[in-house]
1. Using beta carbons and a limit of 7 Å, which pairs, at least six apart or on different chains, have the first residue in region 12-33 and part of a helix (DSSP H, G or I) and the second one hydrophobic (A, V, I, L, M, F, W, C) and surrounded by fewer than 10 Cβ atoms within 10 Å (Cβ to Cβ)?
2. Looking only at residues in region 1-30 that are of a type in the set (A, V, I, L, M, F, W, C) and more than 9 Å from the chain's Cα centre (by Cα), which one is surrounded by the fewest Cβ atoms within 10 Å (Cβ to Cβ)?
3. Within region 40-47, does at least one residue satisfy the condition of being surrounded by 10 or more Cβ atoms within 10 Å (Cβ to Cβ), in a helix (DSSP H, G or I), small (Gly, Ala, Ser) and at negative phi?
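Every read-out reported here was derived from the displayed coordinates using simple, explicitly stated rules and does not represent laboratory data. Just so we're clear, the structure is a prediction, and the values are computed from it rather than from any experiment. Reconstructed Cβ throughout: ideal geometry from the backbone, glycine too, with neighbour counts over all protein chains shown.
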Amino acid sequence: MQTQSCVQMAEEAEKEHKKMLDKYSQQADDIKASYKKLLTDVQSSSSRH
């Protein structure tokens, strides 16, 4: 019985860990997209001057 609950806890922890990694990965992608847009905006505004 103890082994089963230990395995279940480990599986739940693994699921939570994957959720966190997915969230961080999404945030990193969002930051990269924002940075690319910022660079594009800066380049286009500096080329107008």
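1. Hits for this filter: zero, empty list.
2. MET1
3. The answer is no; no qualifying residue exists.
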